[in-house]
2 protein chains.
Amino acid sequence: MEKQRKRAPSARSLQTKARILDAAEQIFAERGFEGASMRDIAKLAEVQVGLVHHHGGGKKELFHQTVTRRADELAALRLDGLEALKQSGEVSLRGLLDVFMRAYVTLTQTGGVQWHHYGRLVAHVSADPRWRPLAAQCFDPTATRFIDEILALYPKAERQAAATGQVYSVAAMLAFLNTGWRIEALSPGAAEAQVDQLIDFCTAGMEAILTPKTQ
Amino acid sequence: MEKQRKRAPSARSLQTKARILDAAEQIFAERGFEGASMRDIAKLAEVQVGLVHHHGGGKKELFHQTVTRRADELAALRLDGLEALKQSGEVSLRGLLDVFMRAYVTLTQTGGVQWHHYGRLVAHVSADPRWRPLAAQCFDPTATRFIDEILALYPKAERQAAATGQVYSVAAMLAFLNTGWRIEALSPGAAEAQVDQLIDFCTAGMEAILTPKTQ
DNA sequence: GTCTATATGTAGATAGAC
DNA sequence: GTCTATCTACATATAGAC
């Protein structure tokens, strides 16, 4: 259970680092990279400023760690869902977009504050061209995987169209996450209806640009 | 209310202020509010730092001025287009979204660097909840106007659905503007095709959430 | 209106004691 | 690993000469 590499990670140390990453996640999500300060992160994590540098390795490196920490978990969530969908034999465009979005959206809205912060953090990463390489590393492999599946359903569509639709869908999803609606405040049924609406929008839009205009 | 009628705006002064706002537009667009510095803005505008304060009235006020400067022009562009569309008698959902997006998108892509910067600046404003009041002041009136027209076309649709679709459409549009495709680098025909594709996506998505599921 | 000089605060980062 | 103290740089903002 307990990891022991060199000397002693000392459960306390791991716990401290986790607290720092949690704090960084929140501050970065709220104020962006430039707007966040190491001091505010340290204060929220209830540690000294030097410790944030020690565990984070500088502000930029800390930001990278914060983003990548949950990226694998998110990718696994999506790819597992994709695998389950394919084995069900009922692969459809809507089913693919549902798998890609629903678990993530639900998690960021009702899966605890940290995932909520992570949702906003991802919005920053996706919006700022400066983080393009980081975003590519974290999210492109999974996105490409889904685009492949979509193209298998629409053999005559061009890859550019599917990729464009994916970009628009992600943009709509991030808008949904960051528009400030805390859907958890609604009734559970209403929350699901909101997600359904998002998926309806993206499915219809995607299908429109996948099928030849000369309908 | 009115601008200084006291002495003389002195063409040179107006020119200087315009240069400062142009520089601010570019720097804010590239690095966001926190990432931008008054020094960098001054340097790009080729003036002294004090002058940026003098004309801008502090960093926050300068940001507001930069955003609002072109907002009226943009609103007029859209409302004129809406008026023309209504007088043509051929109002459709696609027509409305076309009016709302095409002129703006084309302008930010081929209307000169300053409009290109402004497109990215608007993306920052739209993404950050801190600028919500500013965004509301600049863009909500026009957006509400278009939502009204959409609801007139779909009497049975709920206002929430139209507003949600509008948010997703704007998100897709901003993604289009900021994904880095310089469509001006493409052939003119290809550029128009890209915009058509964006409008296709939004029209289909919007229609999907405006019509009752149990169709 | 424009420039020089400066006031004042805070940022990221590090050294060294414990 | 953790904390205290500090270095250095740069931020916004302003005062006053011209």
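Tabulated data
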| quantity | calculated |
| --- | --- |
| Gain in span if fully extended, B:T68 to B:T106, counting 0.36 nm per residue against the direct Cα distance | 11.7 nm |
| Residues B:M101, B:M38 arranged by fewest to most Cβ contacts within 10 Å | B:M38, B:M101 |
| Relative contact order (%) - region A:116-182, alpha-carbon pairs under 8 angstrom, separation at least six | 39 percent |
| Sorted by Cβ density within 10 Å, fewest first, the residues B:S88, B:S13 | B:S88, B:S13 |
| Residues A:I27, B:I147 arranged by fewest to most Cβ contacts within 10 Å | B:I147, A:I27 |
| Charge context of B:T66, other residues only, Cβ under 10 angstrom, K/R +1, D/E -1 | -1 |
| Shape call, the protein assembly as shown: gyration tensor on alpha carbons, a/c limit 1.5 | oblate |
| Estimated dipole of region A:96-150 in Debye, rounded to 20 [Cβ of Lys and Arg +1, of Asp and Glu -1, Cα centre] | 220 debye |
| Residue pairs, from the table A:K59/B:K60; A:K60/A:K86; B:K86/B:K156; B:K60/B:K86; A:K156/B:K86, whose Cα atoms sit over 30 Å apart | A:K60/A:K86; B:K60/B:K86; A:K156/B:K86 |
| Environment charge of A:A163, counting only residues whose C-beta is closer than 14 Å and scoring Lys/Arg +1, Asp/Glu -1 | -2 |
| Neighbourhood charge, 14 Å Cβ-Cβ cut-off, centred on A:C202 and excluding it, Lys, Arg +1 and Asp, Glu -1 | -4 |
| Given charges at beta-carbon only (K, R positive; D, E negative), |dipole| of the protein assembly as shown in Debye | 1820 debye |
| Dipole axis of region A:1-126 (+1 Lys, Arg; -1 Asp, Glu on Cβ), positive-most option in A:V113, A:H54, A:L82 | A:H54 |
| Selection of GluC sites (Glu not before Pro), region A:1-102, meeting DSSP coil and at most 15 other Cβ within 10 Å | A:E2, A:E46, A:E90 |
| Full-extension gain in nm, B:D140 to B:A18, via 0.36 nm per residue minus C-alpha separation | 41.3 nm |
| Most positive-pole-ward Cα, A:A172, A:Q137, A:A190, against dipole of region A:123-212 from beta carbon charges | A:Q137 |
| Normalised contact order of region B:71-210, rounded percent, pairs of Cα under 8 Å and 6 or more residues apart | 30 percent |
| Gaussian network model of chain B, springs between alpha carbon atoms under 10 Å - residue of B:A172, B:A204, B:A42 with greatest fluctuation | B:A204 |
| Span-rule helices in chain A, defined as complete DSSP H runs reaching 24 Å or more along the axis (Cα) with Kyte mean at least 0.5 | A:93-110, A:159-178, A:188-210 |
| Lys, Arg +1 and Asp, Glu -1 on Cβ, resulting dipole of region A:71-210 about Cα centre, debye, nearest 20 | 340 debye |
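Only the coordinates and a few stated rules stand behind these numbers; no lab work does. Predicted, not measured: the structure shown is a model, and the values here were computed from it. Note: ideal-geometry Cβ built from the backbone for every residue, glycine included; neighbour counts use all protein chains shown.
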